[in-house]
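The values are calculated or read from the model by the stated rules, or taken from the named source; none is laboratory data. From a predicted model like this one, the values you see are computed outputs, not experimental measurements. Every residue, glycine among them, receives a Cβ derived from its backbone with ideal geometry; neighbour counts consider all protein chains shown. Note: areas computed on protein heavy atoms with side chains; ligands, DNA, RNA excluded. Shrake-Rupley method; radii C 1.70, N 1.55, O 1.52, S 1.80 Å.
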Amino acid sequence: MKSAKGLCLKVFLLFAVVCINGLGVAYFAKDKIDLPSWLHDVLSMSQQLVELFEVEENPSYSHLLEVESSVSENNAIDIADFATHTNHVCMDKRAAPSAKTIYTWTDGKGIRHISDKPRDINGNTSVKVAGTIKPDAISINFLSQNLSYEIRANALKKVKQAMKVFAAVTPEESIVPVIAKVKSYDSKALYELNQKATAPNLSPSTGFYSANSNESSVLIRSDSQTVATITHELVHTINRHWYGQMVIWLNEGMAEYAEYPEGLHKSDWYSYLKKVQPVPLNQLLNGSRNKWRQEPKRYYATSWAFVAFIMSENKPFMSRLLLVESKNGCQELSAKDVEKLYGKSIVAMQHDFQRWMNKALR
């Protein structure tokens with residue numbers, strides 16, 4: 001009796017080994033040979049269960065709030081209380097495991113590259129830019145009914161103009177559809193109440209963009225001021241969609257530049273920089289958020305002027321900056337990164353910038 005049971009056990013174990021071995025062979029060959037549908041379903045379900053246990057736990061983003069604010073057109077300057085790296089969780093692109101990453105890119109000459117190492121972007125890198133964008137590349141949802149048709153139409157016109165300007169220097173791969181939401185307040189008290197609820201650490205402002213809700217809040221003032229503020233905040237929205245998290249000087253500089261891209265003299269910063277010296281570039285590019293809080297007007301003005309300088313004198317440099325911003329996820333551009341992408345030292349860059357300032361703004 002015992003020998004019969006032992007024989008049955010051996011036969012069962014042998015059958016199990018053959019089945020497991022057969023399933024293993026079928027799994028690795030499932031993409032090369034046709035399998036019965038029921039067996040293919042069993043293998044797929046098994047693979048999903050394995051992958052489920054391999055997925056790492058996602059961090060909680062519930063406490064994250066990123067805001068960018070607009071600048072008042074009067075003497076009081078408004079700047080967001082930006083999150084610091086110590087308590088900041090980035091919601092930007094998440095990198096794949098390095099051991100499994102294959103990098104591909106197409107250079108400015110249309111040549112596609114494949115490598116197991118990240119692309120080395122420097123001052124000699126050519127970038128294939130979008131050039132033009134589709135008319136429906138942005139959808140703006142005005143959530144309040146207190147803006148006139150003229151304000152909404154003029155804001156949409158300026159935003160599309162800004163997108164056209166930046167599309168000419170934006171890597172083609174970065175252009176994605178943008179969905180924007182705008183809340184407008186004709187009551188300062190209601191606006192401040194919303195600001196305290198949405199961004200309690202934000203300094204007094206006339207507009208701000210919240211990245212976690214993808215929503216801009218704007219205080220209605222004069223028609224021209226309201227249009228400029230909406231444009232500023234929607235450029236932050238576009239930047240978030242196209243490039244992800246950005247270094248503050250580039251993010252704010254682009255938003256300020258977008259308000260009056262057709263003429264530098266129309267910006268308030270034009271007359272301001274005739275009286276006040278800009279922040280030195282080594283200080284701007286290494287500027288902490290505490291520095292921005294201490295001298296916000298100089299930092300905003302210098303960021304505007306530096307972006308205007310780049311857009312006027314060196315658009316390939318701007319394309320390289322935006323390419324790196326769209327690739328580096330939660331990391332921010334450092335002064336050394338900017339130096340590398342410019343192809344010259346910061347001292348030489350400062351000389352070029354100052355020479356342009358003397359010609360364009362004096």
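Odds and ends about this structure:
- Residues Arg289 and Asn146, FRET efficiency given R0 of 30 Å [Cβ-Cβ distance, rounded to 0.05]: 0.40
- Summarising the label geometry, the points placed 7 Å from Cα in the beta-carbon direction at Lys297 and Ser187 lie 3.2 nm from one another.
- Distance violations [Cα-Cα > 21 Å] among Lys266/Lys297; Lys291/Lys344; Lys164/Lys291: Lys291/Lys344; Lys164/Lys291
- Distance between the 7 Å Cα→Cβ label points at Ser139 and Ser334: 4.1 nm.
- Near Asn212, the amide H atoms lying under 5 Å from its own belong to Glu66; only residues 5 or more places off or on other chains count, and H is placed 1.01 Å from N.
- Ser222 paired with Asp352, simple spin-label distance in nm, labels 7 Å along Cα-to-beta-carbon: 3.7 nm
- With the largest listed first and rounded to whole Å, the semi-axes of the equivalent ellipsoid of region 165-321 from the Cα gyration tensor are 24, 20, 16.
- Heavy-atom accessible area per residue - region 283-362, 1.4 Å, Å²: 42 Å²
- The GluC sites (Glu not before Pro) of region 235-279 meeting both criteria, a DSSP state outside H, G, I, E and B (loop) and at most 11 other C-beta atoms within 10 angstrom of the site's C-beta, are Glu262.
- Region 138-199 - accessible surface per residue (Å², probe 1.4 Å): 54 Å²
- Cβ-derived FRET efficiency at R0 41 Å, Asn194 paired with Asn282, nearest 0.05: 0.60
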